Amino acid sequence: MSDFPPKRSVRYTIFSLGCLYLLIAAPDLISRGLILFHLSNEIIYPRMMLAGLGADICIAAIKTVFLIIVSLVSGKRLLLFLLFFVLQIFSSMLAYASYQYAIINLRLIPFKNITNYGGDALRDHLYFKGLMTELFRIDLLYIVVLPLLVSVLLARFWSAWTGSGRRLKLTGLVLLLLLAVTGNGMKWSFDVVRFIGSPIVSHYIYYWVEEPYDRSVLNHKAPEDIDPIRQIFEHGPPTFSRPQLDYQPNIIIVTLESYRANENSVYGGEPGITPNFHDLAPEGTLFTNIFHNGCCTPSGMLAILCSQQPQIEHITVNQTYMPVVCMSDYFHAKGYETAWVNAMGAGSDRFGAFHRFHKVNKIVDGFRFPEDAESLGWSYSDEELIKMANKTLNELKTPFYLHIQTQTSHTPFFIPDGYGIKLHPNDKYNRFLNSLRYVDEHALGFVKKVLKSPVGRRSIIILTADHGIPFMAFRNKKNWDNECKYGHIPLLMIFPEGFDHLPQKVGSLGSQIDIFPTLLDALGEKYPDITAGHSLFAPRDSPRFAYITEGPKEVLITEQFIWKVKPVPSLTTLDNKAYDGKRADFLYWKTRLPLLKQFNLSLIGLKNPEEKGRLIESLFLN
């Protein structure tokens, strides 16, 4: 066999390379089409599919370019054939494994975090749940056998380009690189996640990506000396009896991006930044002494929605299948329709998979937004978000649980052109203040309108921040330590008629992990034993605290002192005065803080994912 077939024309060379390209792309394109067909009732939006299609186009072009380079360097036709079929077999089997995994698990293999898997977990995900599950389905013929068979039958056509000259091959290489750039550009054009770098992978894969479930959580055993910390997690009976209502109140929770308390006039900030929050405060119960549990949205969401200390190892919202009870689980079990509205792609931080696992029926993310919606910062603007939230609210059947997650006030604080005014000489801080104004105008203006509606008058509305923000804190005269200013967040709960017994202001020290238990306490419900927080209404025998981590920082705030554990240890009062480390209340926490992490992990370790349904069901037996 000679090294090359006879030379061909330019047109035939392009035709041959086109055949090669389509054969390489075929397994991914076929599997994508089958996934769309079988999961047509799942969370699949055309723009998400187009974003993934762009990535497939790009990857197939890169593979074809690789074969051209091999031909230019080696010139061995037999080697090229061998590489092509090895590449085709590998790609086909991987596409089939992804397809099987998607059909069975409603998500694709989490390639982004594949390096985190141990050998057993990797075999479990790729082998048992993927490739070998119902191996001999007819779809195996479509995704694997058909492309390989066509590749053999059309070998004469897709390999004809190898007989072309170097110049023609280089021309084909350039055209394919342009196709790769076009595909990648197409991916970003249809992707709603702004300003976030990621590898060139299918957005469909990115949408369903998850951290692997770490089975060591289930096997965790508490230290023998855990009893000193046990009292902190003891949950007493509800403080209040169930309100006498002839309906189940809707739950609307609005988490405001980076919306810390320092700039809020209700909490001592200068007026003019948060006028709508100021107007809403007298309508409900204002909690004045609440702190975040971590610096990032995944940490805040896990703390708010699931009452879990997010900074503890293995415990993060990215750990999608962690067996805990979240608000959406709880109210779904009560018969509520559940929904989440967010302007980004739900693949961001794996929130889509997290909310699906925790019984959110309706997910409205950036792929649902109109194509002409205003893009601002990391995603669509909060003005567009509120339009979608209002539309979703009107579509939900009562009772419902609705979580609205804002985004515009995320750093670097984008605002619409012409919106900003001069509020502070520091440019970054001025942008931050204006972004808070923008969020207050749209998100909290929306809440004011909802309160006047029949639906709003039968709803409990919770307003809080996903986290504070660790930079300059002006416009507030509180003589607090900076860590307290950074982490202090607002919390306002607005209740309908029938909850008149609740106080208008609560000064109990707490954090985001206490929000879920506080809500259930107001409803006269017992909250799950695996929650880390406590009701802010209820009296406590053990000390109240807020435990915060921000990257390398670790801070414990109590009613007497603030203990900066890391990176530079210090012990002061909240207003920066020295505190005696020999006092009994500090020694109480000095021995218990290490156990705090262990005990919370142990509570979760008692439950495995299969028992999650029984756990939720057991909450309603009494």
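Here are a few things to note about the model shown:
- Filtered residue count, segment 395-409, keeping only those that are within 25 Å of Asp246 (Cα to Cα), crowded, with 18+ Cβ neighbours inside 10 Å and hydroxyl-bearing (Ser, Thr, Tyr): 1
- Members of segment 57-79 that are modelled with pLDDT of 85 or more and either surrounded by 17 or more Cβ atoms within 10 Å (Cβ to Cβ) or among the β-branched types (Val, Ile, Thr) (or both): Ala60, Ala61, Ile62, Lys63, Thr64, Val65, Leu67, Ile68, Ile69, Val70, Ser71, Val73
- Screening Ser198, Ser265 for residues that are in contact with a helix residue (DSSP H, G or I) (Cβ under 7 Å, 6 or more places away or on another chain), open to solvent by 20 Å² or more (accessible area, probe 1.4 Å), among the hydroxyl-bearing types (Ser, Thr, Tyr) and modelled with pLDDT under 60 leaves exactly one candidate, Ser198.
- Against the test of being modelled with pLDDT under 95 and not β-branched (Val, Ile, Thr), the options Phe432, Phe446 yield a single qualifying residue, Phe432.
- For segment 272-295, the tally of residues that are of a type in the set (Phe, Trp, Tyr) and outside any strand (DSSP E or B) stands at 1.
- The residues in segment 152-171 that are within 15 Å of Arg77 (Cβ to Cβ), of a type in the set (Ser, Thr, Tyr) and not in a loop (DSSP other than H, G, I, E, B) can be counted, and the count is 1.
- From Pro412, Pro454, Pro416, residue being part of a loop (DSSP other than H, G, I, E, B), of a type outside the set (Phe, Trp, Tyr), touching a residue at least 40 places away in the same chain (Cβ under 8 Å) and surrounded by fewer than 16 Cβ atoms within 10 Å (Cβ to Cβ): Pro416
- Looking only at residues in segment 233-257 that are assigned to a strand (DSSP E or B) and aliphatic (A, V, I, L, M), the one that is farthest from the chain's Cα centre (by Cα) is Ile251.
- Counting the residues of segment 363-394 that are surrounded by fewer than 21 Cβ atoms within 10 Å (Cβ to Cβ), touching a strand residue (DSSP E or B) at 6+ places or on another chain (Cβ under 8 Å) and under 14 Å from Asn250 (Cβ atoms) gives 1.
- When segment 503-542 is filtered for residues that are in a loop (DSSP other than H, G, I, E, B) and surrounded by fewer than 18 Cβ atoms within 10 Å (Cβ to Cβ), the ones remaining, listed by number, are Pro503, Gln504, Gly507, Gly524, Glu525, Lys526, Asp529, Ala538, Pro539, Arg540, Asp541, Ser542.
- Segment 545-578: number of residues that are at negative phi, assigned to a loop (DSSP other than H, G, I, E, B) and not aliphatic (A, V, I, L, M): 9
- Test: Gly172 is small (Gly, Ala, Ser) and either open to solvent by 20 Å² or more (accessible area, probe 1.4 Å) or at pLDDT below 70 (or both): no
- The sole residue among Leu436, Leu444, Leu491, Leu423 that is crowded, with 16+ Cβ neighbours inside 10 Å, of a type outside the set (S, T, N, Q) and in a strand (DSSP E or B) is Leu491.
- Take the conditions (1) modelled with pLDDT under 80; (2) touching a Ser or Thr at 6+ places or on another chain (Cβ under 7 Å); (3) closer than 30 Å to Ser159 by Cβ; Ile104 misses just one of them, which is (3).
- Test: residue in segment 258-271 that is in a strand (DSSP E or B) and farther than 19 Å from Ala389 by Cβ: yes
- Residue match in segment 306-320 (condition: modelled with pLDDT of 80 or more, on the phi < 0 side of the Ramachandran plot and surrounded by fewer than 21 Cβ atoms within 10 Å (Cβ to Cβ)): no
- Of residues in segment 568-583 being closer than 12 Å to Glu483 by Cβ and under 33 Å from the mean Cα position of the chain (by Cα), the one surrounded by the fewest Cβ atoms within 10 Å (Cβ to Cβ): Val568
The values are calculated or read from the model by the stated rules, or taken from the named source; none is laboratory data. Just so we're clear, the structure is a prediction, and the values are computed from it rather than from any experiment. Neighbour counts are summed over all protein chains in view; Cβ atoms, including those assigned to glycine, are modelled from backbone coordinates with ideal geometry. Ligands, DNA and RNA are excluded from the accessible area calculation, which covers all protein heavy atoms including side chains. Shrake-Rupley method; radii C 1.70, N 1.55, O 1.52, S 1.80 Å.
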